[in-house]
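Engineer: Sharing a structure, written as structure tokens. Questions coming.
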Amino acid sequence: MEVLISTAIGFLVACGIYLMLRARTMDVVIGLTLLSYGVNLFLFASGRLVSNAAALISPDAAAYADPLPQALVLTAIVIGFGMTAFLVVLAIRAFGDLGNDHVDGKAGK
Amino acid sequence: MTLLLIVLIPLLGALLVPVAGARGRMAAALMAGALTAIALGLLLSLAPQVFAGEVLVSSWAWMADFGLYFSFRLDGLGLLFGLLILGIGLLVILYAAYYLSPKDSMSKFFAFMMLFMGAMLGVVLSENLILLLIFWELTSLTSFLLVSFWRHRADARQGARIALAITGGGGLCLLAGILLLGEIVGSYELSVVLASADLIQNHDLFAPTLILILLGAFTKSAQFPFHFWLPHAMAAPTPVSAYLHSATMVKAGVFLLARMHPALSGGDLWFYLVTTAGLVTLVFAAYVALFRHDLKGLLAYSTISQLGLITLLFGFGTPLAAVAGVFHIINHATFKASLFMAAGIIDHEAGTRDMRRLNGLFKYMPYTAVLAMVAAAAMAGVPLLNGFLSKEMFFVETLELQRFDDWAWLIPALATLAGVFAVAYSLRFIHDVFFNGEPNNLPKVPHEPPRWMKIPVEVLVTLCLLVGIFPAFTVGPLLATAASGVLQAPLPEYSLAIWHGFNLALMMSFVALVGGVLFYLSRHYLFALHARLLPGEFGAKQIFDKMIRGLLDAARWLTRLLENGSLQRYMALLVGAAVTVGLYAAAQHGAINFSMSSSSIPFNGVAIAILIGLILAGVGTVLLHRHRLPALVMLGVVGLCLSLLFVYFSAPDLALTQLSVEVVTIILLLLALHFMPQETMADSGNARRWRDAALAGGAGIGVAGLTWAVLTSPFETLSGFYLEQSVPGGGGSNVVNVILVDFRGFDTFGEITVLAIAAIGIHALLQNLVIKPNDPGRYGWASAKPPLLLEVVSRPLLPLALMVALYLMLRGHNAPGGGFIAGLVVGIALILQYLASGVEWTQARLRINYFKVIAVGLILSLLTGAASWVVGYPFMTTTFTYLYWPVVGKFEVASAMVFDLGVFLTVVGITMVILAELGKLSGPLAPRPVSNKEESR
């Protein structure tokens, strides 16, 4: 299973970076979102992956998933949203002011 | 403790002087003088112990792990330099009080001066070498401030810059050298280092260590080829030159040579490096001094030459030479400081320092002339003055050097030659300025300076005479203590008598005196010859300028190469660098131990399906990215797969958060798409696409490998603490939530603050936004009326959603939920109203200022945290109790829940600010698009 999870994270990162290397702001925003998914999943996986062991304290629970990476990822998701939102609005503003959506602010060919 | 005070009082003075300066110009000088006197008094109170042979050390740990201690040391050498710094400092303060013109700020000058004094004292009194270096650099910085004191003058600014570049660069070398030394010895404390000579000199790293430390010393003490900063620093006010450039700062380099003498000297490498630098500097600078027309220029080169002499003496490495070196440090400080002050008086009263115009001043200022003559005679090495004694010792040492058999005559010969030059330039200083005809077109009629301005010169000149006539009574004990401080060993036999009988050294002095007079008498031929052979400015300054220019050109070239303005290129370079470094690291440490056997997560059909879905949706997003609407749909699929994965792997809170964030994000991106082009133009060619694919693939493979390595390596976690303490310490059984609002509450508070800042930034970005007509392919959804069914269904949904949010919020401490999630749910519910019923309709009914909501949320979180202060606990300590509610049952209330409420409000506010602000732009209230015609204006 580790192989598949690693592959999935690798794919998310690769797709994200490919899009971040594109020339248009919207592609970069989408790429960044994909990349942050990959990173979040990586962080989450670093606490090891178990099923049916949510970190809810109860006398019946046999084991608990590592709660610390989960807490980190939870805030990362929310912060990631804040960042995406800011970036998107920045892209809109740049498009409004410059008349094009190239990352360098210059019109394409 | 007294030791610490001696250093701290001047540093403190840098603050007190401006305070006193507010009460008047002289108050600043008085304050500076008083503090210096106090520090001097403290130093003198410790002197008896030092004379008795004690080494005083006071130490406080600073960063003990790095070997950095706040430790000071007072031995003979430190005492001598401390006395020079404070004694001459006091005289210079008195002098400067009369020297500075009403246009110059006294407070500023004396504040810089005190800062320098404290730094310099720190250098000579440090026990810890790193501490010494810190003070060392501080002297470079304060000297920059002092040299550029008249900052309206270009030459002052340039001189300060050169001095800083050279001495600061040398300081960096010294830092490297000291670190190596500490590495060799295992301690940065001088007491240890000075006792480890054998260890240091037999170490493989001795050569680089020595060279680096010497670079520091040579740059500071203006040794060839780093000497040129000193003449340029003459643009400083003369009190600064008298203090820094004769008595103190330039002596820091030779101080270092003396300080490290027991540890580093003795070997061949030390001998050849230090004597060569000293000898070349001694002769070369003495020659150049003769041809300076500027009074201070002459003194600067003569200082360089005399520093060369001291360096040469320490280079010999013998105990007697070290005694002579210390003696010359004392003598040079006294006569050179007084000469600088005399030069300052002449400049002050005559208006110029050019010796071609200054002639015959004797009848205008006979008193000053006599003082200057005595000091200059000391510099020339005339008997009965202090300079004669140390020069005589120097000559003896050059004769006794038994290094070279056939070349044994070389160093004495060159020393005598330098003596000839010294006599000649001293003579020029006196004869050209005070005699030699009439003044030549001076800006003002010269006269004697104010009474108080002469006192410092008188004191110093008297010292020159007293030491010169009664050496054993005056300077004897101090010299002995200082020299034993240098050697850290019993002193050799030496005699301070004036008369040692007729010997070769006396002959050398005689030759120097007679030769110097002859040399000066034939100066007209020499000047002509010099002008013909070496026309114009020459030397190190030009090379330095060229190097600086080269450095700037190289920097510009590199900037152009890397920074061409294309963000795409930066991104590619960044990713490429990361991949390269990753590959390198992998190659270094061998392949990661990929073992399938350690697989601990069982294969499961559901998980496999989710992961494959995740991969396919990710790839789909990339493939579709030029058609943005379908790409966003694919992106949504990725996010949903992710939340499913969180569910499967026991992270319900994450799943809920991911789900709600995904909804908000996709709505946001769709809204954005309303303003942006719907299709991406094909910008990049095939080659670029393949390059990017390769980079992305490399990064992806790297991260995948890394993940695998992490997942298959042994696992250790610090979460045990959180799991154990969650219920007893935090009062909640949902550990993730307890971590967020309790254990790491401060982090969470920072996080929502960042979100609030992002919301404010977004608000600002959307002000006065003008949207130009979109490209023709855009979808016309803005004007379409929302479907009736959605409108009808959405209205009862709002209270339901609010109740769900409340439920999630309340149970968050014990079951999946919490402020973040509840806030997002409310946000989505509100947005649904906007979507279904239109912006106008919703705005009319929901008159909420979302910024206030954010503010209330933040304040609530902060106050909950601060409340624990009131009851005497650290910031953000939580408390909890249990309540019984009908229907709900046993129910726990923790103060962390109020904190969570703050989080909730902030998240709601932020979501609404972001989406509603953007939504407003798309509705009928939106700014009217500018038409093409208007745009073409």
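Engineer: Taking the dipole about the Cα centre of the stretch A:2-98, with the C-beta of Lys and Arg at +1 and of Asp and Glu at -1, give me whichever of A:Ala71, A:Ala55, A:Leu98 is farthest to the positive side.
Structural biologist: Projecting each Cα onto the dipole axis, the largest value belongs to A:Leu98.
Engineer: Counting Lys and Arg as +1 and Asp and Glu as -1, what is the net charge of the other residues whose Cβ lies under 13 Å from the Cβ of A:Arg48?
Structural biologist: Numbers: positive: none; negative: A:Glu2, A:Asp66, B:Glu716.
Result for the neighbourhood of A:Arg48: -3.
Engineer: Is there a simple number for the mean count of other chain Cβ atoms within 10 Å of the Cβ of residues in A:37-50, and what is it?
Structural biologist: Values: counts 9, 9, 1, 4, 7, 6, 0, 6, 7, 6, 5, 7, 9, 5.
Partner-chain Cβ atoms within 10 Å, mean over residues of A:37-50: 6.
Engineer: How shielded is B:900-913 by partner chains, expressed as the average number of their Cβ atoms within 10 Å of its Cβ atoms? Mind showing how you got there, number by number?
Structural biologist: Numbers: counts 0, 0, 0, 1, 0, 0, 0, 3, 0, 0, 4, 3, 0, 1.
Per-residue shielding by partner chains comes out at 1.
Engineer: Tell me the total accessible area that B and A bury against each other, 1.4 angstrom probe, in square angstrom rounded to 100. Please list the in-between numbers first.
Structural biologist: On the way: alone 43830 and 7940 Å², together 43040 Å².
Rounded to the nearest hundred, the buried surface is 8700 Å².
Engineer: OK, next. With the cut-off at 1.5 for a/c, could you classify the stretch B:792-846 from its C-alpha gyration tensor as rounded, prolate or oblate? Intermediate values should be presented prior to the final figure.
Structural biologist: Values: a/c = 3.38, a/b = 2.49, b/c = 1.36.
Note, shape of the stretch B:792-846 comes out prolate.
Engineer: Connecting C-alpha atoms closer than 10 Å in a GNM of chain A, tell me which of A:Gly47, A:Gly31, A:Gly16 has the biggest fluctuation.
Structural biologist: Greatest mean-square fluctuation among the candidates belongs to A:Gly47.
Engineer: Something else now. Taking the Cβ-Cβ separation of B:Ala687 and B:His589 as r and a Förster radius of 35 Å, what is the calculated FRET efficiency to the nearest 0.05? Mind showing how you got there, number by number?
Structural biologist: Working: r = 34 Å, r/R0 = 0.96.
Efficiency computed from Cβ-Cβ geometry: 0.55.
Engineer: Would you mind putting B:432-444, A:59-71 in packing order, based on average other-beta-carbon counts within 10 Å, highest first?
Structural biologist: Averaged packing, sorted descending, gives the order A:59-71, B:432-444.
Engineer: Now for a different question. Can you compute 3J(HN,Hα) from phi for each residue in the stretch B:229-238, using the Karplus curve 6.51 cos²θ - 1.76 cosθ + 1.60 with θ = phi - 60°, rounded to whole Hz and x for Gly and Pro?
Structural biologist: Karplus-based 3J(HN,Hα) across the stretch B:229-238 equals 5, 5, x, 6, 6, 5, 5, 5, x, 4 Hz.
Engineer: To the nearest 10 degrees, how steep is helix B:476-487 against the longest Cα principal axis of chain B, on a 0 to 90 scale?
Structural biologist: 50 degrees
Engineer: Kindly express, to the nearest 10 degrees and within the range 0 to 90, the angle between helix B:540-562's C-alpha long axis and the longest C-alpha principal axis of chain B.
Structural biologist: 10 degrees
Engineer: Among the aspartates and glutamates, which have Cα under 15 Å from the Cα of B:Lys220 when same-chain residues fewer than 8 positions away are ignored?
Structural biologist: B:Glu137
Engineer: Return the carbon/sulfur percentage of the accessible area of the stretch B:3-78, one whole number, probe 1.4 Å, all protein chains in place. Walk me through the intermediate numbers first.
Structural biologist: Working: 2570 of 3580 Å².
Heavy-atom surface of the stretch B:3-78 belonging to carbon and sulfur, 1.4 Å probe: 72 percent.
Engineer: Follow-up question, since we're still on this one. Using Cα centres only, tell me the gap between the stretch A:9-32 and the stretch B:256-302 in whole Å.
Structural biologist: After rounding, the separation between the Cα centres reads 62 Å.
Engineer: Output ³J(HN,Hα) for the stretch B:694-706: one whole-Hz value per residue in order, computed from phi by the Karplus curve 6.51 cos²θ - 1.76 cosθ + 1.60 with θ = phi - 60°, and x for Gly and Pro.
Structural biologist: 5, 4, 4, x, x, 5, x, 5, x, 5, 4, x, 4
Engineer: Right, another one. Using protein chains only and a probe of 1.4 angstrom, how many square angstrom of B:Trp409 are accessible, to the nearest 10?
Structural biologist: Accessible area, nearest 10 Å²: 150 Å².
Engineer: If you don't mind, there's one more thing I want to ask. Can you figure out the FRET efficiency of B:Arg151 with B:Lys103, using R₀ = 22 Å and their beta-carbon distance, to the nearest 0.05? The partial results should precede the final answer.
Structural biologist: Working: r = 12 Å, r/R0 = 0.57.
Calculated transfer efficiency: 0.95.
Engineer: Could you work out the relative contact order of chain B, using alpha carbon pairs under 8 angstrom and six or more residues apart, expressed as a whole percent? Display every interim value, and only then the final one.
Structural biologist: On the way: 1387 pairs, mean separation 75.3, N = 937.
Value for chain B: 8 percent.
Engineer: If you don't mind, there's one more thing I want to ask. Label B:Leu414 and A:Asp60 with points 7 Å out from Cα along Cα→Cβ: what is the distance between them in nm?
Structural biologist: In this crude label model, B:Leu414 to A:Asp60 measures out at 9.4 nm.
Engineer: When the dipole is taken about the Cα centre of the stretch A:2-98, and only Lys, Arg (+1) and Asp, Glu (-1) are charged at their Cβ, what size is it in debye, to the nearest 20?
Structural biologist: On the way: 4 positive and 5 negative charges, 59 e Å.
That gives a dipole near 280 debye.
Engineer: Go through B:Leu385, B:Thr334, B:Gly360 and say which Cα lies farthest out towards the positive end of the charge dipole of the stretch B:269-394; charges sit on Cβ, +1 for Lys and Arg, -1 for Asp and Glu.
Structural biologist: B:Gly360
Engineer: Return one whole number: the accessible area per residue of the stretch A:2-98 in Å², for a 1.4 Å probe.
Structural biologist: Values: 2790 Å² over 97 residues.
Counting only protein heavy atoms, the per-residue value for the stretch A:2-98 is 29 Å².
Engineer: Does the stretch A:30-109 classify as rounded, prolate or oblate by the C-alpha gyration tensor (a ≥ b ≥ c root eigenvalues; a/c under 1.5 gives rounded; else a/b over b/c gives prolate, otherwise oblate)? If you can, show how the numbers build up before the last one.
Structural biologist: Details: a/c = 6.03, a/b = 3.49, b/c = 1.73.
Verdict is prolate for the stretch A:30-109.
Engineer: Right, something else. Calculate, for chain B, the solvent-accessible area per residue in square angstrom, rolling a 1.4 angstrom probe over the heavy atoms of the protein chains. Don't skip to the answer; put the middle values down first.
Structural biologist: Details: 39630 Å² over 937 residues.
Per-residue value: 42 Å².
Engineer: Okay, next question. Just checking the output field for B:655-663: average partner chain Cβ neighbours within 10 Å of each residue's Cβ? Display every interim value, and only then the final one.
Structural biologist: Working: counts 1, 1, 8, 5, 0, 3, 7, 4, 0.
What the average comes to for B:655-663 is 3.
Engineer: What is the angle, in °, between the Cα long axis of helix B:567-588 and the longest principal axis of the Cα atoms in chain B? Nearest 10 is fine, range 0 to 90.
Structural biologist: That helix lies at roughly 80 degrees to the long axis.
Engineer: Explain nothing, just the number: dipole magnitude of chain B about its Cα centre with +1 on each Lys and Arg Cβ and -1 on each Asp and Glu Cβ, in debye rounded to the nearest 20.
Structural biologist: Values: 52 positive and 48 negative charges, 631 e Å.
Charge dipole, chain B, about its Cα centre: 3040 debye, nearest 20.
Engineer: Tell me what the protein assembly as shown gives for mean residue ellipticity at 222 nm when only DSSP H runs of n ≥ 4 count, each as -39,500 (n - 2.57), the sum divided by the residue total, rounded to 500 deg cm²/dmol. Before the final figure, lay out each step's value.
Structural biologist: Working: 42 runs with 731 residues, N = 1046.
Helix-only estimate at 222 nm: -23500 deg cm²/dmol.
Engineer: Roughly how many percent of the accessible protein surface of chain A is carbon and sulfur, given a 1.4 Å probe and a whole-percent answer?
Structural biologist: Values: 2320 of 3410 Å².
The computed percentage sits at 68.
The values are calculated or read from the model by the stated rules, or taken from the named source; none is laboratory data. Keep in mind the model is a prediction, meaning the values are calculated, not measured. Please note: Cβ atoms are built from the backbone with ideal geometry, for glycine as well, and neighbour counts cover all protein chains shown. Heads up: the accessible areas ignore ligands, DNA and RNA and are worked out on the full protein's heavy atoms, side chains in. Shrake-Rupley method; radii C 1.70, N 1.55, O 1.52, S 1.80 Å.
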